[in-house]
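The structure appears right after this line, and notes come after that.
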Amino acid sequence: MRKWIPCFLCLVFSLSLAHAGQHHSSEPPILASVKKKIQTVLDHMDGQLAKAADRLGKTGFDEPQTREILQRLFQSTPYVVDACTVDRNGIMRMVEPQAYQKHEGADISKQEQILRLHRTRKPVLSQSFRAVEGFDAVDLEWPVIAEQNVLIGSVSLLIRPESLLGELIVPDVKGFPVDFWVMQTDGRILYDFDVEEIGRNVFSDPIYQPFPQLRELGKTIASQRTGSGQYTFLDQGLKKSVEKKAVWETVSLHGTEWRLIMTQMMNEPTASVTRNLAQLGLDSTDKALQKLAHNPVLHKSIKTQDKENILSLFKQFYDEHPGLYSIQWIDKNDISRYGYPPQNSLCDYDYTENRESIDKNFLMAVIEKQEASFEFTLAEGSDANCYMCPINDGTHYLGLIYFLRIKP
């Protein structure tokens, strides 16, 4: 019977996609399954966080059992990065697990979700933002209310949406002729099968400007909790334009909504609509790093030891490519000098000391003076992809630049 499921799915899917914004009477089975799984996980996290907030309201933030409460909270909520307490001044007091305790004492009082929680005294789920931990995340927070109804702060779960969503979506759609992406109502993409799209904004990013159908449908998706439509965009790998049909649903928590969009190609790529990233005037992150490695301004800045200008070039690269953890430079003497952002980068780290098992990969890349890519685990425990490019001004070898991207 299983071999009939894709055909049945395609039929249900096709019947539900007549016009943009048209509401469908029944969800495609895969979309319904994914929606249920994601909502269930969010609700579970919320319930565990509510219990922790209640306990902390009775114990306060400075008792020995505070850390134990956070440890249990972290262990009971898969898919989260860390759990922490935030005092009434917006200072991160305790963080679990240990790998992220270096952020204890960080001031997050100006973050939107903290301001909103203090204003409303209600739980919040933030929009995606760059967390002090060094990557894009969303923050689920519950107020901690002590005796006499006093707000003493909040307790938080930090979540990387692409990690959470990938873990829940991929197993359900594997083998089916569909794609999935998840969008905030402001147009920011939280998850996509193409990592190059995660963190981009459907309404404003240059990659979407040549596709008015997609941008218009994006507005409809943002304004309506459910619906269907079609649009032209690039296929997986961002290489060729295809016609796609889409149907979407919504998961929500504390007023924050995520649109779950399932798409399917309507036709094979055709010559009349074929466009790749290069033709759109855009580069993949790998290609962009290769260009930066050949940039004469970077060459001159390295040779003159102009750190300020090097970091300026790195910041521009980092800002133009959402989802990166950092971009860094290793000189020809095997020393990782610095990178952007500084808090995610090594500083004067000597790879010849072989302090970590992965150091030999970096050493080999410097010695061979060639492009290299590999995966490894960062010191704080996250798995990352690394891509490296040699820098040569035609006369002198200047080392390598590389970027890190945390794996979903």
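The values are calculated or read from the model by the stated rules, or taken from the named source; none is laboratory data. Please read all numbers here as calculations on a predicted model, not as lab measurements. Note: ideal-geometry Cβ built from the backbone for every residue, glycine included; neighbour counts use all protein chains shown.
Odds and ends about this structure:
- Close pairs from region 134-148: first charged (D, E, K, R), partner assigned to a strand (DSSP E or B) and surrounded by fewer than 18 Cβ atoms within 10 Å (Cβ to Cβ), Cβ under 9 Å, at least 6 apart: 136/129; 136/130; 139/129
- Exactly one residue among 33, 126 is buried (at least 17 other Cβ atoms within 10 Å of the Cβ) and of a type in the set (Ser, Thr, Tyr), and that residue is 126.
- Qualifying residue in region 200-221 (condition: of a type outside the set (Lys, Arg), within 16 Å of residue 138 (Cβ to Cβ) and touching an Asp or Glu at 6+ places or on another chain (Cβ under 9 Å)): yes
- The condition of being assigned by TED's automatic domain parsing to the domain that holds residue 173 and over 23 Å from residue 152 (Cα atoms) holds for only one of 80, 34, that being 34.
- Residues within region 339-357 that are under 16 Å from residue 400 (Cβ atoms) and surrounded by 17 or more Cβ atoms within 10 Å (Cβ to Cβ), tallied: 6
- Within region 54-67, the residues that satisfy the criterion of being part of a helix (DSSP H, G or I) and within 11 Å of residue 84 (Cα to Cα) are 66, 67.
- Residue match in region 57-64 (condition: surrounded by fewer than 21 Cβ atoms within 10 Å (Cβ to Cβ), touching a residue at least 12 places away in the same chain (Cβ under 8 Å) and under 30 Å from residue 377 (Cα atoms)): no
- Region 374-408, residues that are on the phi > 0 side of the Ramachandran plot and buried (at least 21 other Cβ atoms within 10 Å of the Cβ): 399
- Flag for residue 312 being in the same structural domain as residue 364 (by TED's automatic domain parsing), surrounded by fewer than 20 Cβ atoms within 10 Å (Cβ to Cβ), among the hydroxyl-bearing types (Ser, Thr, Tyr) and modelled with pLDDT of 95 or more: yes
- Extreme residue, modelled with the lowest pLDDT, among residues of region 71-90 that are in contact with a Ser or Thr (Cβ under 7 Å, 6 or more places away or on another chain) and part of a loop (DSSP other than H, G, I, E, B): 79
- Failed item in (1) without any contact (Cβ under 8 Å) to a residue 24 or more places away in the chain; (2) of a type in the set (A, V, I, L, M); (3) surrounded by fewer than 17 Cβ atoms within 10 Å (Cβ to Cβ), with residue 202 passing the rest: (3)
- Considered as a group, the residues in region 286-305 that are assigned to a helix (DSSP H, G or I) and among the β-branched types (Val, Ile, Thr) include one that is surrounded by the fewest Cβ atoms within 10 Å (Cβ to Cβ), and that residue is 297.
- When region 318-329 is limited to residues that are in contact with a helix residue (DSSP H, G or I) (Cβ under 6 Å, 6 or more places away or on another chain) and outside any loop (DSSP other than H, G, I, E, B), the one that is surrounded by the most Cβ atoms within 10 Å (Cβ to Cβ) turns out to be 327.
- Residues of region 346-368 satisfying the condition of being out of contact with any Lys or Arg (no Cβ under 9 Å at 6 or more places or on another chain), outside any helix (DSSP H, G or I) and either in the same structural domain as residue 201 (by TED's automatic domain parsing) or under 22 Å from residue 299 (Cα atoms) (or both): 350
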